[in-house]
Amino acid sequence: MTDEWMLPGATKEPQTVGAQTKEPQTVGAQWNPLGQTLIDGVRIHEVRHVPKASGRLTEIYRRDWLTDSELVDQMFQVVMSPGHITA
């Protein structure tokens with residue numbers, strides 16, 4: 001089996017500190033991604049949660065983010081706080 005599927009610089013061996021396994025750092029002090037290689041064709045858009053009285057709303061997809069002609073205009077995720085309802 002080859003390692004062609006692995007990202008550049010990735011290894012199969014975990015980093016260890018004593019008996020503990022340490023994950024490599026993936027974000028910097030300003031929350032910027034470190035050492036990530038995107039899959040060809042993948043795009044990332046920063047989104048922010050919209051706080052609401054009953055939880056939060058996050059826009060997941062908007063047609064103008066891409067140049068394709070998909071039939072979906074927008075997608076949202078709503079996370080409700082315990083004990084709240086919405087209509």
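The values are calculated or read from the model by the stated rules, or taken from the named source; none is laboratory data. Note that the structure is a prediction, hence the values are computed from the model and not measured. Every residue, glycine as well, gets a Cβ built from its backbone with ideal geometry; the counts of neighbours run over all protein chains shown.
Observations on the model:
- Qualifying residue in the stretch 20-39 (condition: assigned to a strand (DSSP E or B), surrounded by 10 or more Cβ atoms within 10 Å (Cβ to Cβ) and hydrophobic (A, V, I, L, M, F, W, C)): yes
- Criterion applied to Thr37, Thr2, Thr26 was being modelled with pLDDT of 85 or more and on the phi < 0 side of the Ramachandran plot, and the one residue passing it is Thr26.
- Every test in (1) in a loop (DSSP other than H, G, I, E, B); (2) of a type outside the set (Ser, Thr, Tyr); (3) surrounded by 10 or more Cβ atoms within 10 Å (Cβ to Cβ) is passed by Val79 save one, and that test is (1).
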